[in-house]
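Written out below as C-alpha cells is the structure these notes cover.
Every number here is computed from the coordinates shown, using simple stated rules; none is lab data. As the structure is a prediction and not an experimental result, all values here were calculated from the model. Positions of Cβ are generated from backbone atoms using ideal geometry, with glycine treated the same way; all protein chains shown enter the neighbour counts.
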Amino acid sequence: MKKNIIITGASRGIGYEMTKQLLKEGHQVLAISRNISSLEKIEATNLHSLSCDIAQEHDMDKIQSFVADNWQQVNVIVHNAGRLINKPFKETTTADFLEVYKVNVFAVAEITRLLLPFLKNQSHVVTVSSMGGIQGSMKFPGLAAYSSSKGAVITLTELLAEEYKEQGIAFNALALGAVQTEMLAEAFPGFKAPITADEMGSYIADFALTGHKYYNGKVLQVSSSTP
C-alpha cells in the first residue's frame with residue numbers, strides 16, 4: 001500500500017536519501033526543509049516539497065495546512081531534522097540550547113501535535129535521535145546541547161507511545177551512531193564515519209514503513225561504532 005509520508009530535514013544528508021528512496025517506491029512524500037532547492041531538482045510527481053523553518057512555531061502551520069488540503073491522513077512522520085552546536089560547555093549559552101532544542105525537541109512535539117488529527121491506527125512516528133542521547137553511552141565534549149536534546153526526544157517518544165497506544169499510533173526513536181553527512185562534517189571536520197547517508201537513509205526508510213508492526217515506544221540503537 002502506498003503511504004503518505006512526511007520527512008523533515010529532507011534537503012540533504014539522510015533525509016534527502018530517504019526521500020529519494022521512498023519516492024522511488026511510489027509513496028507520496030511531503031519533504032520539509034528551510035532550503036528546498038535540492039528537492040526542486042527531483043523530478044517526481046509524488047514529491048511535495050515545502051519550505052518551512054521548524055525552529056519557528058508559526059511556520060509549522062504550513063505543514064498542517066498542506067495535509068488538511070491535500071491528504072487528510074498521514075501514515076508516517078520521520079522527524080529527521082537536526083541542529084548541532086559543538087562548543088565547550090562554558091561557552092554554550094541559553095540561546096545556544098534554545099536554538100538546538102527548538103529543532104530537536106520542540107519542533108518534534110509541535111509537528112506531532114498539529115498532525116494528531118491526521119494520524120490513524122497503524123500510523124508510525126519515527127524520531128531520529130543519537131547514540132549521544134542514550135544514558136550510559138560514550139559522551140563527547142562540546143555536545144552538551146545536542147546530546148541532551150537527543151536524550152529528551154527519546155523520553156518524549158516513550159511518553160507519546162504510551163499516551164496514544166489505544167489509538168494504534170506507534171512512536172519509535174532511532175539512536176544513530178556516526179553517519180557521513182554534511183552536518184557531521186561541519187561539526188567534526190576530518191572525521192570519517194563508517195556509514196554513508198545513503199545507507200542510513202535506506203535503513204530508516206524501511207523502518208519507517210514496517211517498524212510499527214514490531215515496536216512501539218522503543219529506542220533502537222543503530223550504530224556499529226563509537227560514536
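Taking 32 Å as the cut-off for C-alpha to C-alpha distance, list the pairs among LYS41/LYS90; LYS87/LYS120; LYS62/LYS120 that go past it.
Working: LYS41/LYS90 42 Å; LYS87/LYS120 41 Å; LYS62/LYS120 20 Å.
Check vs 32 Å cut-off fails for LYS41/LYS90; LYS87/LYS120.
Take each peptide in 140-147, 167-174, count the other Cβ atoms within 10 Å of every residue, and average; sorted highest first, the result is 167-174, 140-147. Normalised Debye scattering of region 53-134 at q = 0.20 Å⁻¹ gives log10 I(q)/I(0) of -0.94, counting only Cα atoms as equal scatterers and leaving out solvent.
Residues with beta-carbon under 11 Å from that of ILE7, excluding ILE7: net charge, scoring Lys, Arg +1 and Asp, Glu -1? Counting the neighbours of ILE7, the net charge comes to 0.
Can you tell me the length gained on complete extension of the stretch TRP71 to LYS120, counting 0.36 nm per residue apart and subtracting the Cα distance? Spell out each step's value before the answer.
Working: separation 49, 0.36 × 49 = 17.64 nm, distance 1.26 nm.
Gain in length upon complete extension: 16.4 nm.
If R₀ is 30 angstrom, what is the calculated FRET efficiency for the pair LYS24 and GLU166, using the beta carbon separation as r and rounding to 0.05? Working shown, then result.
Numbers: r = 35 Å, r/R0 = 1.16.
For R0 = 30 Å, the calculated efficiency reads 0.30.
Take the Cα of THR196, step 7 Å toward its Cβ, do the same at GLU40, and the gap between the two points is 2.8 nm.
So what is log10(I(q)/I(0)) for region 91-186 at q = 0.12, 0.19, 0.23 1/Å, when the Debye sum runs over its Cα atoms only? For region 91-186 at q = 0.12, 0.19, 0.23 Å⁻¹, log10 I(q)/I(0) is -0.43, -0.95, -1.22.
Short-range pairs are left out: with C-alpha atoms under 8 Å and at least six residues apart, the relative contact order of the chain is 21 percent.
Pair-distance distribution of the chain: all C-alpha pairs, bin width 10 Å, starting at 0; shares per bin in whole percent are 8, 35, 40, 15, 2, 0.
Multiplying the residue separation of THR155 and GLN221 by 0.36 nm and subtracting their alpha-carbon distance yields 22.3 nm.
If packing is taken as the average number of other Cβ atoms within 10 Å across a peptide's residues, how do 50-60, 96-106 rank, most packed first? Display every interim value, and only then the final one.
Numbers: 50-60: 16.9, 96-106: 19.3.
My ranking of the peptides, most packed first, is 96-106, 50-60.
Could you tell me what fraction of 2.2 N^0.38 Å the Cα radius of gyration of region 1-116 comes to, as a two-decimal ratio?
My calculation over the Cα atoms of region 1-116 gives 1.11.
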